[in-house]
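Asker: Take a look at this one; I'll ask things after.
The values are calculated or read from the model by the stated rules, or taken from the named source; none is laboratory data. No experiment lies behind these values; they were computed from the predicted model shown. Cβ atoms come from the backbone with ideal geometry, glycine included; neighbour counts cover every protein chain shown.
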Amino acid sequence: MSSLDIQKVRASFPALSPNSQFSSSGVPYVFADNAGGSQALASVVNKISDYLLNTNAQFGADYAVSKVATKRVFEDAQEIARLVFGYDEGEGDIVWGSSTTLSLEALARSMELGGKIKAGDEIIVTTEHEANVGPWTKLASRVGATVKIWKHSPIPTSTGRPNPFSIGLTLDSLLPLLTPKTRLLAFTGCSNVLGSATPVADIVKAVRKKMGELGGSLEVSLDCVAYAPHMKMDVKEWDVDYCSFSWYKVYGPHLSSMYIRKSLLAAPSSPGEPHLYSLVHHFLSAKPSISNTALKLQPGSPGYELVYATTAVVEYLCGLIGSDVSLTSLTKAFNQLQTHDYTIIQPLLQFLTSEAAYTAGVRVVGDEALSTDGKVKHGRAPTVSFVFIDSSSSSSSSTSASTSNKLRKKLWSKSIVGHVDNAGGIGIRYGHFYAYGLGTSLGLLPPQSAEGEFKNEEEALEASLEDGVVRVSLVHYNTVEEVERIIAVLKEALGL
Amino acid sequence: MTLANDLDIEQTRAHFPALRSGHIFADNAGGSQVPKDVVDRISDYLLNTNVQVNVDYSISIQSTQRVAEGRAAAARLLNAAKPEQIILGGSSTANMENLLRQFDGDVNAGDEFILMDGEHEANNGTWKKLAARTGAIIKYWHPVITSPENPFSVVHRVEHLTPLITPKTRVVAFSACSNILGSVVPVKEISKAVRAEAAAKGAQKVDISIDAVAYAPHRRIDVQDWDIDFCMLSFYKVYGPHAAALYVRSPVHPSSSSVAHELVYGSTGILPYLLSLTPINDLQATFDAIASHEKSLVDPLLAFFTHPEQRARGLMIVGSEDAHDIGRVPTISFVIQGENPIPSQEIVKRINRKGGVGIRGYKYSCTTEDGVQLSLDGGVARISLVHYNTVEEVHKIIEILKEIIYT
């Protein structure tokens, strides 16, 4: 398979041009906080403008401009989204929204009002990003359902050296949580902090099998926000019921799409039957074209100019392998992206897990993901988080993140990022990144130098949680040269 | 005589590339066209400041500032006292859905909401949903027929609103201008009357919620002068992108709504565009000039529809026929009934099929103060213009109407 044409890639993003306002003396800025939002394609920007200047009319009317507008949004963009999620025609539908958080909140409300989750039911969430956690915990609290947490487990390190932050979601800690009352499982396709793809198909298969044995059934809500920029989604293979992502992290505009399994959208056939309740104006709800479709979860319309612009993202990706838009070409394109991603994070992972870095106190937060032959493990996204600990603080031989709350940071993550920021030309970030529960479970104390600033250990842990981890998050337009620059600056920041 | 503060129609239209095609945009109540500067700002955001907001690094400071500018600009458009009183969202419907959640616990069973009969669901629907959840009761403010020759010449008057107020009134929600009837209602006067009546009758807390979506393209909003609690604004109807602002006089929680940052920054182009329409660089001057130009669009249309020939043919405006009312905006809804009726959907089809112009049909129903339900089963046909439309375009529309009615 031919490899990514990095020149062609970077030329598609004006922000990466040597002349962009981000560049300094002709040197492009190194965008390494892509998990917070990627740069946008020129073609996306052009399509937004094209829509607003040429086809900006209300839908459903039979004059020409309205017809084009209708087609662009309801047909073209809808079809593109189908390819992106990977479902067969007629098997799914898309909710377009301002954000994944809001769309999941709408889904939770719809499930509540439609009687799908009731008092005594159980919901399983993780400690990952709040978008696919908060709406469910709030729903549970409103209706009197029980929340269970699928916690992360230790996973083997690459080097064999102990690392209490080498953690991930594993099936064996999930299955025992299932009971006949479990109605919903909400987890992530890839962590925005830990950066590893979850084996979704295997997990869902095992979960559905167990639920069958228990005499119950559940629905699965998958958060693919941190997955979608790097790997091809496949809701059909995964057998999930709801799948969400945000286009602004996938080279596009600030808009979200949520896949819903078509059969779940059916209006109730008898009163009292649990269903997805319509959130839209009552006179619209009466129409089958609304009451049986994702439109019932979209109160008010999404920005049409943005919906239309998403088509540019898929055209770009398929264009990378010189193809027209199709499921096959999109899949091939993502394979190319993924191969490139492994190439760029390999040096970073190698650096962060090196003897020198380890001795100084660097610990990768997540899967160190290097095989014995030095290659990056399959499913590792180019999102790498780490902390810098004082390895002389106790419990450094502990392998369980959740019990080692006496470990201390050597440097604030903020100060490491500050050093990088001061060096100029590179953007990375620190924090908990809204994976609040995950951050809490790391249980790190602030650096020794900050000892006297806090009233008690609780306050100290809180401050350390806010400080979180250092995160370097790349995408396919980043280069090995950029990563080498990042490593060089990090070495300085860490005193290596 | 051309006044110095009259609109320069050529200069105005030059801001809108979409108008170059010569197509007559006559469904502006469904969404207006967008000035180039607004589009350029969206592009600028995505190309030059597209990073996570509220983060330390320098580019984020710029993007954060641009989003803040969006709120500040919306505050100016609405004349809100503080940007903190503005919630930005993807749509007015979504904003109201969000607002609804702030009311949990603040409404009791038996509380009364007064809504404007016949008005847009973004406002009415929100309060109906809240009433269904809380056991509050809905009462309707009905319009009256104003022309003896036209049973659809309905207008809402404040004297039919105030008697509806009781000690249990909790919310009064209405449109500053109907997207169908096209008449501005005197919001300030109504707000004052409502509050006086509420005080006299001992109503504890009355929130006034205004739908300014169909009003905003035509007249200046002033939430402080109006003394109201909520006000909805959809940017895509007032020369902006598909995003919306909601004014909340006393925000309970920090805003939890979400909206595309590039569209927020795009919306900052609306205010400079409006201010540029007269040399005075003042919103009131702009909207005075707009009102004056709109009158030149409304007058020929009203004259056409109220002409005895058209009356005999069964053409009837749904809304006020009064040409003296400066609050009559160029949103003209109508039906063709009488001996040879043409269903509204058919009217719309025939007009649009002519090519070169686009209008739309709309469902509408309401009951008058006297209890008469307007018989509008097939809905209305609606011509909705704004200040970039021209008198020539109006005459063309009238010619097309004549063709489809009389041939």
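Asker: Outside any loop (DSSP other than H, G, I, E, B), small (Gly, Ala, Ser) and within 20 Å of the chain's Cα centre (by Cα), is that true of B:Ala303? Step through it out loud before you land on a result.
Answerer: Working: outside any loop (DSSP other than H, G, I, E, B): yes; small (Gly, Ala, Ser): yes; within 20 Å of the chain's Cα centre (by Cα): no.
Answer is no for this residue.
Asker: Collect the residues in the range B:172-192 that are touching a helix residue (DSSP H, G or I) at 6+ places or on another chain (Cβ under 6 Å), outside any loop (DSSP other than H, G, I, E, B) and buried (at least 20 other Cβ atoms within 10 Å of the Cβ), keeping them in residue-number order. Before you say what the answer is, go through the steps one by one.
Answerer: Residues of the range B:172-192 that are touching a helix residue (DSSP H, G or I) at 6+ places or on another chain (Cβ under 6 Å), as a first pass: B:172-173, B:176, B:179, B:187-188, B:190-191.
Now drop any that are not outside any loop (DSSP other than H, G, I, E, B), which leaves B:172-173, B:187-188, B:190-191.
Passing the criteria: B:Val172, B:Ala173, B:Val187, B:Ile190, B:Ser191.
Asker: I'd like to know if the range B:211-220 contains one or more residues that are of a type in the set (Phe, Trp, Tyr), within 22 Å of A:Val280 (Cα to Cα) and either crowded, with 20+ Cβ neighbours inside 10 Å or within 14 Å of chain A (Cβ to nearest Cβ) (or both). Even if it seems obvious, please write down each step before you answer.
Answerer: So the first thing to find is which residues in the range B:211-220 are of a type in the set (Phe, Trp, Tyr), and the list is B:215.
Within this subset, residues satisfying the condition of being within 22 Å of A:Val280 (Cα to Cα) are none.
Checked against the condition, which is being of a type in the set (Phe, Trp, Tyr), within 22 Å of A:Val280 (Cα to Cα) and either crowded, with 20+ Cβ neighbours inside 10 Å or within 14 Å of chain A (Cβ to nearest Cβ) (or both), the range B:211-220 yields no hits at all.
Residues checked against (1) out of contact with any Ser or Thr (no Cβ under 9 Å at 6 or more places or on another chain); (2) without any contact (Cβ under 8 Å) to a residue 60 or more places away in the chain:
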| residue | (1), (2) |
| --- | --- |
| A:Leu327 | yes, no |
| A:Gln338 | yes, no |
| A:Thr343 | no, no |
| A:Gln350 | yes, yes |
| A:Ala360 | no, no |
| A:Arg363 | no, no |
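Asker: Say we look at the range B:278-292 and pick out the residues that are more than 20 Å from the chain's Cα centre (by Cα) and in contact (Cβ under 8 Å) with a residue 40 or more places away in the chain; which of these is surrounded by the most Cβ atoms within 10 Å (Cβ to Cβ)? Please lay out each step first, then the result.
Answerer: Kept after step one, since they are more than 20 Å from the chain's Cα centre (by Cα), are these residues of the range B:278-292: B:278-282.
If we keep only those that are in contact (Cβ under 8 Å) with a residue 40 or more places away in the chain as well, we get B:278-280.
On the way: B:Thr278: 22, B:Pro279: 10, B:Ile280: 14.
The residue in question is B:Thr278.
Asker: Would a scan of the range A:384-400 turn up a residue that is modelled with pLDDT of 95 or more and either surrounded by fewer than 22 Cβ atoms within 10 Å (Cβ to Cβ) or among the charged types (D, E, K, R) (or both)?
Answerer: Taking the range A:384-400 and keeping what is modelled with pLDDT of 95 or more, we get A:384-389.
Now restrict to residues that are either surrounded by fewer than 22 Cβ atoms within 10 Å (Cβ to Cβ) or among the charged types (D, E, K, R) (or both): none.
There is no residue in the range A:384-400 that is modelled with pLDDT of 95 or more and either surrounded by fewer than 22 Cβ atoms within 10 Å (Cβ to Cβ) or among the charged types (D, E, K, R) (or both).
Asker: Being more than 12 Å from every other protein chain (Cβ to nearest Cβ), surrounded by fewer than 21 Cβ atoms within 10 Å (Cβ to Cβ), touching a residue at least 12 places away in the same chain (Cβ under 8 Å) and at positive phi narrows it down to one residue among B:Asn79, B:Asn108, B:Asn150; which is it? Walk me through it before giving the result.
Answerer: Values: B:Asn108 fails: at positive phi; B:Asn150 fails: at positive phi.
The unique qualifying residue is B:Asn79.
Asker: Okay, moving on. Taking the stated definitions as given, is A:Gly431 among the small types (Gly, Ala, Ser), over 22 Å from A:Phe22 (Cα atoms), buried (at least 21 other Cβ atoms within 10 Å of the Cβ) and in contact (Cβ under 8 Å) with a residue 40 or more places away in the chain?
Answerer: Numbers: among the small types (Gly, Ala, Ser): yes; over 22 Å from A:Phe22 (Cα atoms): yes; buried (at least 21 other Cβ atoms within 10 Å of the Cβ): yes; in contact (Cβ under 8 Å) with a residue 40 or more places away in the chain: yes.
For A:Gly431, the condition - among the small types (Gly, Ala, Ser), over 22 Å from A:Phe22 (Cα atoms), buried (at least 21 other Cβ atoms within 10 Å of the Cβ) and in contact (Cβ under 8 Å) with a residue 40 or more places away in the chain - is met.
Asker: From the list A:Ala206, A:Ala197, which residue is surrounded by fewer than 24 Cβ atoms within 10 Å (Cβ to Cβ), among the small types (Gly, Ala, Ser) and under 30 Å from A:Thr343 (Cβ atoms)? Even if it seems obvious, please write down each step before you answer.
Answerer: Details: A:Ala206 fails: under 30 Å from A:Thr343 (Cβ atoms).
Just a single option satisfies the conditions, and that option is A:Ala197.
Asker: With B:Ile398, B:Ile326, B:Ile351, B:Ile347 as the choices, which residue is surrounded by fewer than 21 Cβ atoms within 10 Å (Cβ to Cβ), of a type in the set (A, V, I, L, M, F, W, C) and part of a helix (DSSP H, G or I)? Let's see the steps before the verdict.
Answerer: Values: B:Ile326 fails: part of a helix (DSSP H, G or I); B:Ile351 fails: surrounded by fewer than 21 Cβ atoms within 10 Å (Cβ to Cβ); B:Ile347 fails: surrounded by fewer than 21 Cβ atoms within 10 Å (Cβ to Cβ).
After ruling out the rest, the residue left standing is B:Ile398.
Asker: Using the structure shown, decide if B:Ala122 is among the aliphatic types (A, V, I, L, M), outside the structural domain of B:Gly319 (by TED's automatic domain parsing), under 30 Å from A:Leu104 (Cβ atoms) and modelled with pLDDT under 85.
Answerer: yes
Asker: Just to be sure, is A:Leu4 more than 11 Å from every other protein chain (Cβ to nearest Cβ), surrounded by 15 or more Cβ atoms within 10 Å (Cβ to Cβ), outside any helix (DSSP H, G or I) and in contact (Cβ under 8 Å) with a residue 24 or more places away in the chain? Steps first, please.
Answerer: Details: more than 11 Å from every other protein chain (Cβ to nearest Cβ): yes; surrounded by 15 or more Cβ atoms within 10 Å (Cβ to Cβ): yes; outside any helix (DSSP H, G or I): yes; in contact (Cβ under 8 Å) with a residue 24 or more places away in the chain: yes.
Yes; evaluated as a whole, the condition is true for this residue.
Asker: May I ask you to list the residues in the range B:358-394 that are aliphatic (A, V, I, L, M), surrounded by fewer than 22 Cβ atoms within 10 Å (Cβ to Cβ) and over 20 Å from B:Pro217 (Cα atoms)?
Answerer: Within the range B:358-394, B:Val372, B:Leu374, B:Leu376 qualify.
Asker: Continuing with the same structure: Criterion first (within 24 Å of B:Asn340 (Cα to Cα), within 13 Å of another protein chain (Cβ to nearest Cβ) and not aromatic (Phe, Trp, Tyr)) does B:Ile405 satisfy it? Can you show your working first?
Answerer: Numbers: within 24 Å of B:Asn340 (Cα to Cα): yes; within 13 Å of another protein chain (Cβ to nearest Cβ): no; not aromatic (Phe, Trp, Tyr): yes.
No.
Yes or no, residue by residue, for (1) within 14 Å of chain B (Cβ to nearest Cβ); (2) without any contact (Cβ under 8 Å) to a residue 60 or more places away in the chain; (3) not in a loop (DSSP other than H, G, I, E, B):
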site	(1), (2), (3)
A:Tyr227	no, no, no
A:His230	no, no, no
A:Cys243	no, no, yes
A:Tyr248	yes, no, yes
A:His254	yes, no, no
A:Tyr259	no, no, yes
A:Ser263	no, yes, yes
A:Ala267	no, yes, no
A:Ser270	no, yes, no
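Asker: Okay, moving on. Going through the range A:451-465 one residue at a time, which ones are surrounded by fewer than 14 Cβ atoms within 10 Å (Cβ to Cβ) and not in a loop (DSSP other than H, G, I, E, B)? Explain how you work it out, then say what you get.
Answerer: To start, the set of residues in the range A:451-465 that are surrounded by fewer than 14 Cβ atoms within 10 Å (Cβ to Cβ) comprises A:451-453, A:455-459.
If the condition is that a residue be surrounded by fewer than 14 Cβ atoms within 10 Å (Cβ to Cβ) and not in a loop (DSSP other than H, G, I, E, B), then A:Glu451, A:Gly452, A:Glu453, A:Glu457, A:Glu458, A:Glu459 are the ones that fit.
Asker: Out of all the residues in the range A:117-139, which are of a type in the set (Asp, Glu) and outside any loop (DSSP other than H, G, I, E, B)?
Answerer: The initial filter retains those residues of the range A:117-139 that are of a type in the set (Asp, Glu), namely A:121-122, A:128, A:130.
Across the range A:117-139, the qualifying residues are A:Glu122, A:Glu130.
Asker: Quick check, is A:His275 at pLDDT 90 or above, within 14 Å of chain B (Cβ to nearest Cβ) and buried (at least 16 other Cβ atoms within 10 Å of the Cβ)?
Answerer: For A:His275, the condition - at pLDDT 90 or above, within 14 Å of chain B (Cβ to nearest Cβ) and buried (at least 16 other Cβ atoms within 10 Å of the Cβ) - is not met.
Asker: Further question on the same structure: Name the single residue that is nearest to B:Asp40 (Cα to Cα) among those in the range A:47-61 being in contact with a Ser or Thr (Cβ under 8 Å, 6 or more places away or on another chain) and either modelled with pLDDT of 95 or more or more than 9 Å from chain B (Cβ to nearest Cβ) (or both). Steps first, answer last, please.
Answerer: First pass over the range A:47-61, keeping only residues in contact with a Ser or Thr (Cβ under 8 Å, 6 or more places away or on another chain): A:47-49, A:57-60.
Right, trim to either modelled with pLDDT of 95 or more or more than 9 Å from chain B (Cβ to nearest Cβ) (or both) and you get A:47-49.
Numbers: A:Lys47: 12, A:Ile48: 10, A:Ser49: 8 Å.
It comes out as A:Ser49.
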